[in-house]
Structures are given as structure tokens and as C-alpha cells.
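Take a look at the structure below.
The values are calculated or read from the model by the stated rules, or taken from the named source; none is laboratory data. Nothing here was measured: the structure is a model prediction, and the numbers come from that model. Cβ sites come from the backbone with ideal geometry, for glycine too, and all protein chains shown count toward neighbours. For accessibility, only protein heavy atoms count, side chains too; no ligands or nucleic acids. Shrake-Rupley method; radii C 1.70, N 1.55, O 1.52, S 1.80 Å.
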Amino acid sequence: ASSMFTALSDGKTSAALSFLRTLVFIVTGMVLLPRVIGVDGVWLAVPFAELLSVVLSIVCFRWQFKKKWRDEIEFMPVTDDNINEVLALAPAAGQEGFVESPECCLKEAGEDHRLRPVAIYRKGTVIGFAMYGKFDNEGGRVWLDRILIDKKYQNKGYGHKSISAIISKLKSEYYCDKIYLSVFK
């Protein structure tokens, strides 16, 4: 468990588990168990420490899972089932001039089949919209053409999580090392 938390870049939890297992839980077992069950308690201090470590590891894994992945971002194609939710998305106040509406983007995607419109989901709810594609006539460039997080979900970290997730998606889908953005002055 300690090694796994190190791999997850959670050094504090890794160190805490290791320290508790090797020192605190063993010493606690050596002090408490002989008082409760006699001299045999000394021999059970290590299994006692291991048991406590397993329980604590499970608690830490559950906490880590909830902390890191509870707001998992998913992408689904825009279909008849979710198009109304996508069309209802709107940018936050002051961002209207910077982000095109999903309706405009879907029209563009309908005209150019290289563009892929996707709904951004969090826990089964549409929170945003993105559109990307690959244009072979431009040297195989992969474009992140649009991304919009609905105004209800602004300032909650979903933009950052969505960008990270879509970068991973584009890298794995297109095996690219560069992603181009469209920018209009």
C-alpha cells in the first residue's frame, strides 16, 4: 500500500502508512497485547500491526479514490439523447464573446465530418462541450477546436479537469505530441 501511494504521488500517505506499520502499531501491540492476553501478546504484536496496517490502507485507498476520482470527467458523442442538454450549455457572464455556442459548433461539425463534437459529463450530468478533430491536409494536425464548461459549473475546477482529460484522450486516440488550438483575435 505504501508503494502504491508513492506511485500515486502521495508521499505523505505513503510515509504515514510505513511509519505507523513499522513503529507505532508494533510498539502499541507490544505494550497492549501482553496486558490483555498475557505473554503470548508479545508474539502477536507483528500480526496485530499488519492487521491494523491493512485496515488503515483500505481506509486510505477509499479516501484517495474519492479525492482523486470522484469528479471523473467522461466524454460522450453528441447524440439525440443528449443534444438538448448540450444546446442548453452557456458560458459564464463575460465569456460570451470568447466561446461560440454549441449550436454553432454542431452546425460546423455537421459540415465538416473530421470534427468530433462531444458532451463533457461528470457523474452522469452534462457539464460542458468540446469539439476536436484531425486534418490530414494540414500535416495531420490534431485540433482542440472548442471547449465550453457551463456557467453553473464555472470556478469548480472542472475546466482544468476537462482540459487534462481531453489532452489524454487526444494523445491516446491520435498518438499525437502536439495539439493545436483555434484562436481568433
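Could you please state how large a percent of the accessible area of the chain is carbon and sulfur, counting protein chains only and using a 1.4 Å probe?
Working: 7120 of 12010 Å².
Carbon and sulfur: 59 percent of the exposed surface of the chain.
Ranking G157, S9, H113 by how far each Cα lies toward the positive end of the dipole of the chain (charges on Cβ) leaves S9 at the top. The listed residues T6, T79, once ranked by accessible area (1.4 Å probe) with the largest placed first, stand as T6, T79. Just list whichever of K123/K169; K107/K152; K107/K134; K123/K152; K152/K178 have alpha carbons separated by over 20 Å in the model shown. Among K123/K169; K107/K152; K107/K134; K123/K152; K152/K178, the Cα-Cα distance tops 20 Å for K107/K152; K152/K178. Only aspartates and glutamates eight or more places from K12 in sequence, or on another chain, were considered; those with a Cα closer than 20 Å are E50. With only the Cα atoms considered, segment 68-133 has a convex hull volume of 103 Å³ per residue.
Computed as a quarter of the hull surface, the mean projected area of the alpha carbon convex hull for segment 1-98 stands at 11.3 nm².
For the options L32, L17, L56, a Gaussian network treatment of the chain with springs between C-alpha atoms closer than 10 Å singles out L32 as fluctuating the most. Ligands, DNA and RNA are left out, and with a 1.4 angstrom probe the accessible area of the chain is 65 Å² per residue. Among V86, V36, V78, the largest mean-square fluctuation in a Gaussian network model of the chain (Cα springs under 10 Å) belongs to V36. Using only side-chain charges placed at the Cβ, +1 for Lys and Arg and -1 for Asp and Glu, the dipole size of the chain relative to its Cα centre rounds to 780 debye.
With no solvent and one equal point scatterer placed on each C-alpha of the chain, evaluate the Debye formula and give log10 I(q)/I(0) for q = 0.08, 0.16, 0.17, 0.18 Å⁻¹, two decimals. Log10 of I(q)/I(0), two decimals: -0.45, -0.97, -1.05, -1.13.
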